[in-house]
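Read through the structure below, which is laid out as structure tokens, and then see the notes.
The values are calculated or read from the model by the stated rules, or taken from the named source; none is laboratory data. Values in this document were obtained by computation on a predicted structure and should not be read as measured data. Note: ideal-geometry Cβ built from the backbone for every residue, glycine included; neighbour counts use all protein chains shown. To get the accessible areas, we keep the full protein, side chains included, count just its heavy atoms, and leave off ligands, DNA and RNA. Shrake-Rupley method; radii C 1.70, N 1.55, O 1.52, S 1.80 Å.
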Amino acid sequence: MRRFPRGRRTATAATVLTLALALATGTQATAAPDASAPAAATVRQYQVDGVATAEQRTALARTGTAIDEIGADSVVITADEADAERLTGLGYDLTALTAPTERGGPGAAAAPADYHTYAETLAAVDAAEAAHPDLVSSQVIGQSYEGRDIVAVKVSADVGVDEDEPEVLFTHNQHAREHLTVEMALYTLTELTSQYGTDPEVTALLDTREVWLIPTVNPDGKVHDQESGSFRSWRKNREPNSGSSAVGTDLNRNWAYEWGCCGGSSGSPGSDTYRGAGPESAPETGVVADFVRGRVVGGEQQITAHIDFHTYGELVLWPYGHTYADTAPGLTADDAAAFEALGTAMADSNGYTPQQSSDLYITDGSINDWLWADQGIFSFTFEMYPTSGAGGGFYPPGSVIDRETSRNREAVLTLLTYADCAYRAAGLEAEYCAA
Ligand code: 0X9
Ligand code: CA
Ligand code: ZN
């Protein structure tokens, strides 16, 4: 793995940490919970009835609640007992749900060992690089709050040369408990490398595009959620908050466009949607934002298209998240038409539901809004499998990983195909795609 010079000193400390984690990995499924950690409140999912419209969902989200799942006139949230009491006091109608295992029947939920650990993820990246040195090159782009390496993997023909080709970025695992998204990164890496020179479409795309994969944006959160012996339903990063015992920032509320503008995030450190002390206050957000800014070459952002992988809901989402409006400053009718056309084309291939992200509920400080408004990148969110808790919620079993990652093969290739000019998806090439 090649390291940026500025990362070398801390990378050494992080390597020691990685080795320690690797040693602990073998027993992760049965290890006793960390006795030094404060006793965690009981966290579970609740159904909230009578929440039917985007406005009602935004009102609920405004209380600082992260919404996991949307039904016709109800939603599912994750909350501890204190949050649940607070919401009931506000007049919300909550019903505690049983754990995913019971909801989906036997075998519907995963064990921590079903997914790659952080250390195993980096090992898989290193193995791909060793096996395909002309196609794969990884870099440490910075460190998480706890000092773990955040890695970007470039995949392209002649990978060692920065060619003048459209670049496409895939980010994964902003939210700690969304482990299936890390599997998605490893699937894409395996598929692209194994099919180059074999599959004509993959070969042509890697000959003409440069792909960047960031398999985990939130390594500390992933380790915290996965490696204590049982899952913790953790969402945020692991950065302490001054003046509060509550840990963590919601990285997908911490990006530097209209940060905290619109009731789509929380100012309370205890909230699952805490936006952080300021835009890019979280180290992980800053590392990825700096990486993206570093792809401006000769005054031009090289990255043209992006997917941020989340779970769950089976959705393809596009900007804006901070306003319900279809067009807004920085988002013209033609831009919106291109987002809808390309998002719908991708959804046609994977069976997800395509929509503007604010159709769900308002979010501010999301990665999609920043990448589009600030960097001009056609930026989507995929909410992967399942559609509901019955499929395992945030923790679907390992038996579905192959099916649910390969399900996005065509969508990923479609994004690569349109990376030269996304407006082409909406038939606007004459206006926007002049050679
Ligand atoms: O709320 C989120 O950050 C995402 N949903 S999740 O259940 N994975 O937490 C959805 C974000 C969609 N909004 C924007 N992309 N603006
Ligand atoms: Ca290339
Ligand atoms: Zn998420």
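Of all the listed residues (ALA109, ALA127), the sole one being more than 16 Å from ligand 2 (Cβ to nearest atom) and not assigned by TED's automatic domain parsing to the domain that holds GLU383 is ALA109. Counting only strands (runs of 3 or more DSSP E) that sit wholly inside region 298-386, those with at least 3 residues that are aromatic (Phe, Trp, Tyr) are 378-384. None of PHE339, PHE380 is within 15 Å of ligand 3 (Cβ to nearest atom) and farther than 16 Å from ASP68 by Cβ except PHE380. For region 133-146, residues that are open to solvent by 60 Å² or more (accessible area, probe 1.4 Å) and in contact with a helix residue (DSSP H, G or I) (Cβ under 8 Å, 6 or more places away or on another chain) total 2.
Within region 263-272, being in contact with a helix residue (DSSP H, G or I) (Cβ under 6 Å, 6 or more places away or on another chain) and surrounded by 18 or more Cβ atoms within 10 Å (Cβ to Cβ) holds for one residue alone: SER265.
In region 147-158, the qualifying residues are those that are under 15 Å from ASN173 (Cβ atoms) and touching an Asp or Glu at 6+ places or on another chain (Cβ under 9 Å), and the one that is surrounded by the fewest Cβ atoms within 10 Å (Cβ to Cβ) is ILE150.
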